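S.K.: This is the structure, below, for whatever I ask next.
Every read-out reported here was derived from the displayed coordinates using simple, explicitly stated rules and does not represent laboratory data. On a predicted model such as this, the values are computed, not experimentally measured, just so you know. Here the Cβ positions follow ideal geometry from the backbone for every residue, glycine too, while neighbour counts run over all protein chains shown.
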Amino acid sequence: MNSTQVPGEPQDSPERKAPGPAGSTPVIPLGELELIVVSGGVFRIDGGTMFGVVPKLLWDRKIPADDQNRIPQQTNCLIVRSSRGCTLIDTGLGGHLSEREQRNYGLTAPGHPLLRNLAVAGITPEEITTVILTHLHFDHAGGGVVLDQEGVLQPTFPNAEYVVQRGEWMQATAGFPELRAAYPQQNLLPIETSGQLRLIDQETEILPGLYSRVTGGHTQFHMAVVIESQQQRALYAADVCPTEHHLPQLWCMAYDVDPLQTRRIKQQLLGEAVDSDSLVLFDHDPGCAAARIVRDNRGGFTATDRIPAPGLE
Ligand SMILES: [Zn+2]
């Protein structure tokens, strides 16, 4: 360790490349599948909340904060395209945040970002037959609904079933005052009303080759998704490892309801990813959509073979 390194700090990442152009949609082959990374919107959020107990001195070197202490966060949603159709994992912010929210989160582009970027990728909302929501926070579930002509929120994907962990749905809709801000009900109720909601329990094969993995940590029933095809494997870790900079065990979000569980499960999932040579996808990384993971010489993990994220809007 050299004198400027601090325990737990990720090693420098010289190979990290610039993100692609705004609205770009990186396509990654995985066995007989295609993984397509599509932005569900870029937002800006206080950098401290993304890194929990990590001092600003350290995280600011990785993603520099603006004059309001905010850092850009991507919402790297994932299309899994097979001969059977298109599955979407997470949906980003949606296009119906209030003016105040748009200002606070530094949103600049109007409209529904995921729909705009799907159009760039040549994918229509009707083609999506399954939507998997890793959890129901606004930056993951918000794009699952869209305003219709009358200004009423409807499911964005009319032919899709929306797959959610039963425990997550129960917590999000139970009306607990302490979770009210975490789960805007307007993102959830249209899915239930339309009859498109499919609740699953714990670990299950959602579709052939697509497996839920309940992690806890970020929310009690937060899930990762494992994707397998022809002996190739990818891990959509969602918010237990939202960026490459969260690879070190102690670098976790302040939003986690159980930070110790995030530390435990992240270590386990990343270890499995190394052992199975999985591609790991980062759902909020503004620069890196996906990478291979290797063990570093300090018992931690480091990224290699990075695939750039869609560019910032
Ligand atoms: Zn998130």
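S.K.: Nearest 10 degrees, 0 to 90: what angle lies between the long axis of helix 259-275 and the longest principal axis of the chain (Cα atoms)?
M.R.: Long axis of 259-275 versus the principal axis of the chain: about 80 degrees.
S.K.: DSSP loop (so not H, G, I, E, B), at most 14 other Cβ within 10 Å: list which GluC sites (Glu not before Pro) in the range 129-178 pass both filters.
M.R.: Numbers: sites: Glu150, Glu161, Glu168, Glu178; in loops: Glu150.
Passing sites in the range 129-178 are Glu150.
S.K.: Considering only Pro158, Pro110, Pro125, give the residue with the highest GNM mean-square fluctuation for the chain, with springs between Cα atoms whenever their separation is below 10 Å.
M.R.: Pro110
S.K.: Search the structure for amide H atoms under 5 Å from the amide H of Gly52, placed 1.01 Å from N in the peptide plane, and list their residues when 5 or more places away or on another chain.
M.R.: Here the answer is Ala254, since their amide H atoms fall under 5 Å of that of Gly52.
S.K.: Another question, if that's okay. If you average the sequence gap of Cα pairs under 8 Å that are 6 or more apart and divide by the length of the chain, what percent do you get for the contact order?
M.R.: On the way: 716 pairs, mean separation 66.3, N = 313.
Relative contact order, the chain: 21 percent.
S.K.: If you count the DSSP beta bridges with both ends in the range 27-308, what percent of them are antiparallel, to the nearest 5? Mind showing how you got there, number by number?
M.R.: Numbers: 43 of 57 bridges.
Antiparallel: roughly 75 percent of the beta bridges in the range 27-308.
S.K.: Quick query: amide H of Ala289 versus all other amide H atoms, modeled in the peptide plane; which residues come in under 5 Å with a sequence gap of 5 or more or a different chain?
M.R.: Ile307, Ala309
S.K.: A further question on this structure: Hey, in the GNM for the chain with a 10 angstrom Cα cutoff, which one of Thr91, Thr130, Thr173 fluctuates hardest?
M.R.: Thr173
S.K.: With θ set to phi - 60° and the Karplus curve 6.51 cos²θ - 1.76 cosθ + 1.60, what are the ³J(HN,Hα) couplings of the range 279-292 in order, to the nearest whole Hz, using x for Gly and Pro?
M.R.: After applying 6.51 cos²θ - 1.76 cosθ + 1.60, I find 7, 10, 9, 10, 6, 10, 5, x, x, 10, 7, 6, 6, 7 Hz.
S.K.: What list of ³J(HN,Hα) couplings, whole Hz, do you get for the range 231-237 from phi and the Karplus terms 6.51, -1.76, 1.60, once you set θ to phi - 60° and write x for glycine and proline?
M.R.: In residue order, the calculated couplings are 6, 9, 9, 9, 10, 9, 7 Hz.
S.K.: Another question about this same structure. Arrange Arg295, Arg233, Arg100 by Cβ neighbour counts within 10 Å, fewest through most, would you? Don't jump to the answer; show the numbers that get you there.
M.R.: Values: Arg295 13, Arg233 20, Arg100 8.
Exposure proxy ranking, most exposed first: Arg100, Arg295, Arg233.
S.K.: With both bridge residues required to lie in the range 82-230, what share of the DSSP beta bridges run antiparallel, to the nearest 5%? Walk me through the numbers before you get to the answer.
M.R.: Details: 11 of 22 bridges.
Of those bridges, close to 50 percent are antiparallel.
S.K.: Stretch Leu58-Glu127 to full length: gain in nm at 0.36 nm per residue minus the Cα-Cα span? Before the final figure, lay out each step's value.
M.R.: Numbers: separation 69, 0.36 × 69 = 24.84 nm, distance 4.29 nm.
Extra length available between Leu58 and Glu127 comes to 20.6 nm.
S.K.: Amide H neighbours of Thr215 under 5 Å, at least 5 residues apart or on other chains, H built in the peptide plane: list them.
M.R.: Sorted by chain and number, the residues that satisfy this are His222, Met223, Ala224.
S.K.: OK, next. In Å, the Kirkwood hydrodynamic radius of the chain over pairs of distinct alpha carbons?
M.R.: On the way: mean 1/r = 0.0516 Å⁻¹.
Answer for the chain: a Kirkwood hydrodynamic radius of 19.4 Å.
S.K.: Step through the residues of the range 148-155 one at a time and calculate ³J(HN,Hα) from phi using the Karplus curve (6.51 cos²θ - 1.76 cosθ + 1.60, θ = phi - 60°), rounding each to whole Hz and writing x for Gly and Pro.
M.R.: Result, ordered by residue: 8, 4, 8, x, 9, 6, 10, x Hz.
S.K.: Between Ile28 and Arg100, what is the FRET efficiency for a Förster distance of 30 Å, r being their Cβ-Cβ separation, to the nearest 0.05?
M.R.: In this case the efficiency is close to 0.25.
S.K.: Separation between the Thr108 and Gln68 pseudo-spin-labels, each 7 Å from Cα along Cα→Cβ, expressed in nm?
M.R.: It works out to 1.3 nm between the two label points.
S.K.: Note the full-extension length gain between Gln202 and Asp148 as 0.36 nm times their separation in residues minus their Cα-Cα distance, in nm to one decimal.
M.R.: Working: separation 54, 0.36 × 54 = 19.44 nm, distance 3.36 nm.
Extra length from Gln202 to Asp148 when fully extended: 16.1 nm.
S.K.: Using all Cα-Cα distances in the range 183-313, what percent lands in each 10 angstrom bin from 0 up to the longest?
M.R.: In whole percents, the pair-distance histogram is 12, 39, 35, 13, 1, 0.
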